[in-house]
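In what follows, a structure is listed as structure tokens, so that the remarks can point back to it.
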Amino acid sequence: MSIPALPPADDLRLPPVGPCRRASIAPYCERVRAKLSAARFAHVMRVAELAETIARANRFDPGDLRATILAAVLHDVAREEDVETLFRLAPPENDMERRHPLSVHGRAGRAVAASWGVTDERVLDAIEGHVFGVRPGDRVGMAVYVADVSEPGRGVNDDVRELAMGHLERAYRRAVQTKVGYLRSRGKDVHPRTLQVHEELGQPT
């Protein structure tokens, strides 16, 4: 039986009930659960719940809200694949990715989601973009990115999470700038795509 790429619109007219209690999202949750450890799946659920809260707080239209929930559920689907599988799904594009195989897990996750029948570019872009960032103005991608870096289980970025409830783009800018600053302060590599997003976002908030 095929899995629908998105839940029906009236699925989201109800109050939030948790992503995996929605009939059309539940099959994806089960597929993701089967591929991840319990700890990683718990993180995914926290991200999905927070992403939905952020989307609702920022008055996403029904289509963007559906895309946000599905992308959040799927964002780490390839996070625990071995290196061979990661590179088969997402061949490295530069030396940095070859040195840090997990850096391709967003792109690999996009490939997995597409193989499961997901065709909505908003969803696929957000899955891929949760690692390096998305273009400014991509509300679905920004919501998933912010939820991933600020979900309560991480114990960091509470200010980003709070800001996102009313000012999503400002929160996203702060999240990217915090990430780049952290990596630079420790002499770690920053992916070229993250640097590009960082430059596009402009000055700190």
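The values are calculated or read from the model by the stated rules, or taken from the named source; none is laboratory data. These figures come from a predicted structure and were not determined experimentally. Using ideal geometry, Cβ is built from the backbone for each residue, glycine included, and neighbour counts are taken over all protein chains shown.
Against the definition (at pLDDT below 95 and under 17 Å from A126 (Cβ atoms)), how does L74 come out, yes or no? Answer is no for this residue. Restricting E128, E162 to residues that are within 23 Å of E52 (Cα to Cα), surrounded by fewer than 23 Cβ atoms within 10 Å (Cβ to Cβ) and at pLDDT 95 or above narrows the list to E162. Tell me the residue from A108, A143 that is crowded, with 21+ Cβ neighbours inside 10 Å, touching a residue at least 40 places away in the same chain (Cβ under 8 Å), assigned to a helix (DSSP H, G or I) and of a type in the set (G, A, S), please. Being crowded, with 21+ Cβ neighbours inside 10 Å, touching a residue at least 40 places away in the same chain (Cβ under 8 Å), assigned to a helix (DSSP H, G or I) and of a type in the set (G, A, S) holds for just one of A108, A143, which is A143.
Looking at region 175-198, which of the residues that are in a loop (DSSP other than H, G, I, E, B) and touching a residue at least 40 places away in the same chain (Cβ under 8 Å) is nearest to R161 (Cα to Cα)?
H191
Which one is surrounded by the fewest Cβ atoms within 10 Å (Cβ to Cβ) among residues in region 46-80 that are hydrophobic (A, V, I, L, M, F, W, C) and farther than 24 Å from A111 by Cβ?
A57
Given the structure, is V83 surrounded by 20 or more Cβ atoms within 10 Å (Cβ to Cβ) and in contact (Cβ under 8 Å) with a residue 12 or more places away in the chain?
For V83, the condition - surrounded by 20 or more Cβ atoms within 10 Å (Cβ to Cβ) and in contact (Cβ under 8 Å) with a residue 12 or more places away in the chain - is not met.
Does any residue of region 110-120 turn out to be at pLDDT 95 or above, touching an Asp or Glu at 6+ places or on another chain (Cβ under 7 Å) and under 18 Å from V32 (Cβ atoms)? The answer is yes, given that some residue of region 110-120 is at pLDDT 95 or above, touching an Asp or Glu at 6+ places or on another chain (Cβ under 7 Å) and under 18 Å from V32 (Cβ atoms).
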